[in-house]
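Worksheet: the structure to be examined is printed underneath.
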Amino acid sequence: MKRTRARAALGALAVPLLAAVVPGAVLRCRRTVQAVRILRAVDTGSVVNAGPAPAPTTPDAGTPDAETTTRAR
Amino acid sequence: MIRGTLAGGGEEPVIAVIGAGFAGIGAAVRLRRAGFRRVTLLERAEGPGGTWWHNTYEGAEVDTPSMLYSYSWMPWNWTRTHVRQAELRDYLAAVLDAFDLRDRCRFGVTVDRVEWDAGAREYSLRSGRDEIMRARYVVSAVGLLSDPRMPDLPGLNTFEGPVFHSSQWRHDVDLSGKRVAVVGSGSTATQLVPALRDKAKQVTMFSREPNWIVPKRARPYTDKERRALDSRVAQRIVRASTIYRRDKAQFGGALWRSGSPQNTAAENAARGYLEASLGERPDLLEALTPRYPYGGKRPVISDDFYTAVLADNVQLVPHAVREVTEHGLVDATGVEREFDVLIMATGFKADFLSTLQVTGRDGQEIHRHWNGDERAFLGVMVPGFPNFFIMYGPNTNGGTIVTNLELQASFLTAAVKRAERGGAGEVEVRGWAAEAYDRAVQRMLQGTAFQYGNNYYRSGSGRISTQWPDGVLLYALLTKLLRGPFLRVTPGTRGRAGAGGAEGRERAASEVSS
């Protein structure tokens, strides 16, 4: 009898719980994805010369990742 | 004096970490998280930070993005894309507080000798004639480039004005309206010249050999970006993806092999930046174009150096300094110039454990063991030196430094745990493993640009002793894989009292090794 009541109570709680948790999780996930996009867009001069060599007069085309050489200071 | 471990007493081991910079703090946190509470950080400075405590010169700033120049387990809401010295020092202090390590630090303590006591199976750490403490395990985190190198110039003591090394900045010297000489052309000098040009009357830089320079793109983070930095998960994702992108170009050491597409692209980008910046000044273009492949010397990352050398009050002397006079400097061509202040941005001694004498098994000193050719298994362990670990040791320079340090901390923590499982014993790399590893690394370094130029990468015999030839992913893999049979654990007495004499110890040793 007690078990049945407990199950019923849990069942009643499940719907509002899910409603509260899932939208929150979705929102958090969306915020994280947005933050990743913003941070990845920051040019920190660390494009490891992926791709072909840029023309000599266009330094912005690719910055060799010099930091990877040695300790930075 | 702190007493060390008690043989057979079942106490937690005392672990001494020498140095409270990025390496030392990272190792201490890792050890603490693994459950070792008796970790003591010994630091010669009066506060934490290591390099970032000492280097307070104008414009001091990292040239790796802030997100990478920090611990993966401690993201931070940085104010700039490339963090400056003061913020970085505050960050390291915050790490100490976050992991409750402040009371485990002893500042103002200079350790100059570490001696293995075979009977007690622990190290004695000494400062001069005094024993500071005893510890079962010692982690050296004194850094590679921490000991300033003052040039041995004739007449240096005769100069009448202030002379100081960039890492020992004289804040009491007002540079306003002064004629300042900066000796050197590396990362520090290229940060100094732009920082000084608005303050000093005249800045003259003496450059023996130019460096390849690439733009940094340093700037403050916007409010929007700082809000994004609040997401620790996002920071971790971006950090991981950035490391992966960097590693792709470095796979197989491609970036550092002269003539490879990656190396050529890097050199062309640096040359393009140079030509675009100084194209209208053929004299500067000539003086600042390196004659060696990209990577032959440590490349410099700077946004404002080329702009600074174009300023009216900045002069570049493309020669070495020959001597110092009472009033100035004489360059290699014999021209004398007068100055009010001399700043030596001449770098650091690139010697491993340069401030430490380490004596291991059989009374062998580590520098004598190396005989000028520094080498260590994964840069961390040296045969004959049980329970002794080096952070940022031989052939670990490169990749993403803080990540490498985290990997070293993880490796040494695993080794300590294993020794402790063996009853507070000794853990040491096997001789054949260290030799095989060193041979493989040296083979990988053959044909790299590191072999060219006048750089700090090479040891006395000419072998490359500082550089890691590949990316961080390979190093990560090796620090995880090269553990089991490559290390020898000799069990201690704790918890193995019934093992029974030499035979028992041998049996126990094979159990632990297997």
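Among helices (runs of 4 or more DSSP H) entirely within the stretch B:1-117, having at least 3 residues that are under 22 Å from B:S231 (Cα atoms), β-branched (V, I, T) and not assigned by TED's automatic domain parsing to the domain that holds B:Y392 singles out no element at all.
Considering B:E280, B:E275, B:E286, which residue is surrounded by fewer than 21 Cβ atoms within 10 Å (Cβ to Cβ), charged (D, E, K, R) and within 7 Å of another protein chain (Cβ to nearest Cβ)?
Values: B:E280 fails: within 7 Å of another protein chain (Cβ to nearest Cβ); B:E286 fails: within 7 Å of another protein chain (Cβ to nearest Cβ).
Selected residue: B:E275, the only one of B:E280, B:E275, B:E286 that is surrounded by fewer than 21 Cβ atoms within 10 Å (Cβ to Cβ), charged (D, E, K, R) and within 7 Å of another protein chain (Cβ to nearest Cβ).
B:A118 satisfies every condition listed in (1) in contact with a Lys or Arg (Cβ under 9 Å, 6 or more places away or on another chain); (2) buried (at least 19 other Cβ atoms within 10 Å of the Cβ); (3) not aromatic (F, W, Y) except (2).
Restricting to the stretch B:62-75, and then to whatever is within 12 Å of chain A (Cβ to nearest Cβ) and either surrounded by fewer than 22 Cβ atoms within 10 Å (Cβ to Cβ) or polar (S, T, N, Q) (or both), can you tell me which residue is farthest from the chain's Cα centre (by Cα)? I'd like the intermediate steps shown before the answer.
So the first thing to find is which residues in the stretch B:62-75 are within 12 Å of chain A (Cβ to nearest Cβ), and the list is B:62-70, B:75.
So of that shortlist, the ones also either surrounded by fewer than 22 Cβ atoms within 10 Å (Cβ to Cβ) or polar (S, T, N, Q) (or both) come out as B:64, B:66, B:70, B:75.
Details: B:T64: 13, B:S66: 16, B:S70: 14, B:P75: 21 Å.
Among residues in the stretch B:62-75 that are within 12 Å of chain A (Cβ to nearest Cβ) and either surrounded by fewer than 22 Cβ atoms within 10 Å (Cβ to Cβ) or polar (S, T, N, Q) (or both), the one farthest from the chain's Cα centre (by Cα) is B:P75.
Taken over the stretch B:255-266, the criterion of being more than 8 Å from chain A (Cβ to nearest Cβ) and either touching a Cys at 6+ places or on another chain (Cβ under 9 Å) or surrounded by 17 or more Cβ atoms within 10 Å (Cβ to Cβ) (or both) is satisfied by B:R257, B:S258, B:S260, B:N263. As an exercise: evaluate B:E374 against (1) surrounded by fewer than 24 Cβ atoms within 10 Å (Cβ to Cβ); (2) among the acidic types (D, E); (3) assigned to a loop (DSSP other than H, G, I, E, B) and give the number of the one condition it does not meet. All conditions are met except number (1). For A:T44, the stated conditions hold: it is at pLDDT 50 or above and at the interface with chain B (Cβ under 7 Å from one of its Cβ atoms). One residue is enough: does the stretch B:332-344 have a residue meeting the conditions within 14 Å of chain A (Cβ to nearest Cβ) and in a loop (DSSP other than H, G, I, E, B)? Within the stretch B:332-344, none of the residues are within 14 Å of chain A (Cβ to nearest Cβ) and in a loop (DSSP other than H, G, I, E, B). Residues in the stretch B:291-331 that are assigned to a loop (DSSP other than H, G, I, E, B) and among the small types (G, A, S): B:G295, B:G296, B:S302, B:A311, B:A320. Each residue in the stretch B:406-429 was checked for being assigned to a loop (DSSP other than H, G, I, E, B) and touching a helix residue (DSSP H, G or I) at 6+ places or on another chain (Cβ under 6 Å), and 2 pass. Taking B:G50 as the residue in question, decide whether it is surrounded by 17 or more Cβ atoms within 10 Å (Cβ to Cβ), under 21 Å from B:L412 (Cα atoms) and either in contact with a strand residue (DSSP E or B) (Cβ under 9 Å, 6 or more places away or on another chain) or at pLDDT below 95 (or both). Considered against the rule, which asks whether it is surrounded by 17 or more Cβ atoms within 10 Å (Cβ to Cβ), under 21 Å from B:L412 (Cα atoms) and either in contact with a strand residue (DSSP E or B) (Cβ under 9 Å, 6 or more places away or on another chain) or at pLDDT below 95 (or both), B:G50 comes out as yes. Tallying residues that are at pLDDT 95 or above and in a loop (DSSP other than H, G, I, E, B) within the stretch B:140-158 yields 1.
Limited to the stretch B:425-446, what total is found for residues that are of a type in the set (D, E) and under 16 Å from B:I464 (Cα atoms)?
Total meeting the criteria: 2.
Output the number of the condition that B:I401 fails; it satisfies all remaining conditions of (1) in contact with a Leu (Cβ under 6 Å, 6 or more places away or on another chain); (2) more than 23 Å from B:E428 (Cα to Cα). Unmet condition: (1).
For the stretch B:457-479, the set of residues classified as facing chain A (nearest Cβ under 9 Å) and closer than 22 Å to B:P148 by Cα consists of B:Y457, B:T466, B:Q467, listed by residue number.
The values are calculated or read from the model by the stated rules, or taken from the named source; none is laboratory data. Predicted model only: the values in this text are computed from it and were never measured. Quick reminder, even Gly has a Cβ in these numbers, built from the backbone with ideal geometry, and neighbours come from all protein chains shown.
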